[in-house]
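Right, one structure below, let's go through it.
Nothing in this text is a laboratory measurement; each read-out follows from the coordinates by a stated rule. Being a predicted model, the structure only gives us computed values, none of them experimental. Here the Cβ is made from the backbone with ideal geometry for all residues, glycine too, and neighbour counts use every protein chain on show.
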Amino acid sequence: MWNDLPQELLDKAFGYIDSKAQLAECRLVCKRWCYQADAILLGQHIILNNDGDVLQLYKFLNGNTTRGSLVRHLTLLGPCLHDYLLGQLVHLVFTPTMEKLEGRFEGHGSDILFEINSNALDDASGFDRLTVLPTPQEFTLMYFNTLAKFKRSLQSMALHFTDLNHSLEEQYIGEHLLGFEALRMLDLKIKINNVTDVEQILQHFNHLEQLEITLDTECTFIMSEKRLLEWTTSSVTVVKSLGILKIRGCFFGDVFEPLLQISQRKHHQTRHNRITIQSKRISKLLVNKFSHAGIDLTSHLPETDYITLARLALVLCSIDGTQHLQYDANRKLMMYVNAEQESTYTWL
């Protein structure tokens, strides 16, 4: 009798069930009810905190492998998830119905990436619902090639060039960034030689809503104000959709200014935008520079890791012996003024 209920009535009845315990009881009624309950249970956001969670879900899915296609949203939170075991679970759940497979996994995640690529070996076009993949502890070329396979649907991605060991790998990735049409969130870690290196990557992503950049540079070349303005105007792509921009690292002012330009030409008019600069390394660099000059800067810096250049300018103005430093509010740069040579250099 229960097996003969119209589907519309069955859907409505299950709509009143709001606990896993009740769904577990419904699974015992008949095969049809069992499938309906499984679809609701597995269609929810599943979070795996440890290897025990992974094993429990694997055993449940392995009892009936068709259940894997019911999983829509899976998050890996545990720091010690076993790579091989997790790979076996991914083999069951990574189907064209998967929408979000997110979180982090240890090391390169080779076993996991192998299963993902194996399940989409013939044709990845069927995975058009997939919007995110988990980030490995170590970014590799294999991971990027996996991202590229689903480039048409991915909305969130991490590119950590700083983990790569060879310039040829960086060059390869740079040549295959076209086609990420749906991307909205990008986490970029890159070591640059000059300001133009960043734009060579970002020029491929014109619909970003959130951008997090971690920069590292050892270069001493600083672009002149005139050349910077000309290059920014002609080469930097404005991304009007960008709402959140987070910048971390240690870099010169000529790198920071174009990053602001990608958001809006009139950034101060877009109140919904948020800019965060993590200047822990910059603060440390300043402390070292001033300590060599006999100036103790540590007592003047805030305890937090976040400090804006505008606030830093106020701090410097209150310290004796720093009159040669000036803050250019328009360009958001710290200037070093050499009165004897009557010349000005941007150094931060």
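What does the charge count near L186 come to, summing +1 for each Lys or Arg and -1 for each Asp or Glu among other residues with Cβ under 10 Å from its Cβ?
Combined, the nearby Lys, Arg, Asp and Glu give -2.
In nm, to one decimal, how far is the modelled label at D122 from the one at F60, with both set 7 Å along Cα→Cβ?
3.0 nm
Among M98, M185, rank each residue by its count of other Cβ atoms within 10 Å, from fewest to most, as a rough exposure measure.
M185, M98
For a footprinting-style exposure proxy, rank R184, R129 by other Cβ within 10 Å, fewest first.
R129, R184
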